[in-house]
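The values are calculated or read from the model by the stated rules, or taken from the named source; none is laboratory data. The model shown is predicted, which means the values in this text are computed figures rather than measured ones. Here the Cβ positions follow ideal geometry from the backbone for every residue, glycine too, while neighbour counts run over all protein chains shown.
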Amino acid sequence: MSLILNIDTALDIASVCLAKDEQLLQFSVNENQKEHSSWLHNCIAELMQEAGYEMKELDAIAVSIGPGSYTGLRVGLAAAKGFCYALQIPLITVNTLKLIAFASKDESVDLICPMIDARRMEVFTAVYDKNFVEKVPSRAMILDESSFDSFLSSNKILFCGNGVKKLKPLLSNTNASFSDSIADASHLAQLSYPVFLNKQFADLAYSEPFYLKEFYSLVQKG
């Protein structure tokens, strides 16, 4: 049995959920990005009270580690690490791009490409297969019409996340589909539970937000 607090403040909409194993017990969301910091601690206290649990009963805390909003990532990870230190429990970190891919899962495609809006024509992105195995590592990328040609020539790809609005006008390939599904802490709970079972915990002392700064073109290898 596991009682895990899941925190996602990586993007515009923040959310927190408490899950027992994979069962969602309580969920809360905040849509005002400027209030993520002040909202988070009060939300957690209320959420735990409503669920009928005390913080000391938690077995782990999971957090969306990035990429994403610099401020949001710092807020979420700082809270998670603070609780983990105080309660002497493990920290679980999940890549935000993987979280978005998981929230948009679709068995009809070959690959899933989550995208987080950066600036101008830039996005943070990665490529996963249907089992959420990373095929192209997380990276920052400048989009153009040919960005995914090598993949789309032989794969059906689902593009998802808040960055797809930049890509959609550039693509007319029939192998491309798009999703506006939103990832939140309830999806994080489904990813953090197997990590907990496998004891794949983050290094509490050295965990930092996963920022991406360099921008690359995306070329398929092999």
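For Ala103, state whether it is at pLDDT 95 or above and of a type in the set (Gly, Ala, Ser).
Yes: the conditions hold for Ala103.
Considering (1) surrounded by 15 or more Cβ atoms within 10 Å (Cβ to Cβ); (2) at pLDDT below 95; (3) assigned to a helix (DSSP H, G or I); (4) under 19 Å from the mean Cα position of the chain (by Cα), say which one Trp39 fails and leave the rest.
(4)
Which members of segment 144-162 meet the condition of being of a type in the set (Ser, Thr, Tyr) and within 19 Å of Ala101 (Cα to Cα)?
Correct list: Ser147 only.
So, Leu99, is that one in contact (Cβ under 8 Å) with a residue 60 or more places away in the chain, hydrophobic (A, V, I, L, M, F, W, C) and within 20 Å of Ile13 (Cβ to Cβ) or not?
Yes.
With Ala45, Ala80 as the choices, which residue is in contact (Cβ under 8 Å) with a residue 60 or more places away in the chain and assigned to a helix (DSSP H, G or I)?
Result of the check over Ala45, Ala80: Ala80.
Would you check which residues across segment 170-197 are of a type outside the set (A, V, I, L, M, F, W, C) and under 22 Å from Leu25 (Cβ atoms) and list them?
Result: Asp184, Ser186, His187, Gln190, Ser192, Tyr193, Pro194.
Residues that are among the hydrophobic types (A, V, I, L, M, F, W, C) and more than 26 Å from Arg74 (Cβ to Cβ), at least 3 per element: which strands (runs of 3 or more DSSP E) completely within segment 110-222 meet that?
111-117, 157-160
For the list (1) surrounded by fewer than 24 Cβ atoms within 10 Å (Cβ to Cβ); (2) touching a Pro at 6+ places or on another chain (Cβ under 8 Å); (3) not basic (Lys, Arg), I need the number of the one condition that Ile100 fails.
With (1) surrounded by fewer than 24 Cβ atoms within 10 Å (Cβ to Cβ); (2) touching a Pro at 6+ places or on another chain (Cβ under 8 Å); (3) not basic (Lys, Arg) applied to Ile100, the lone miss is (1).
What's the total number of residues in segment 8-36 that are part of a strand (DSSP E or B) and either under 19 Å from Asn162 (Cα atoms) or outside the structural domain of Leu87 (by TED's automatic domain parsing) (or both)?
So the count comes out to 5.
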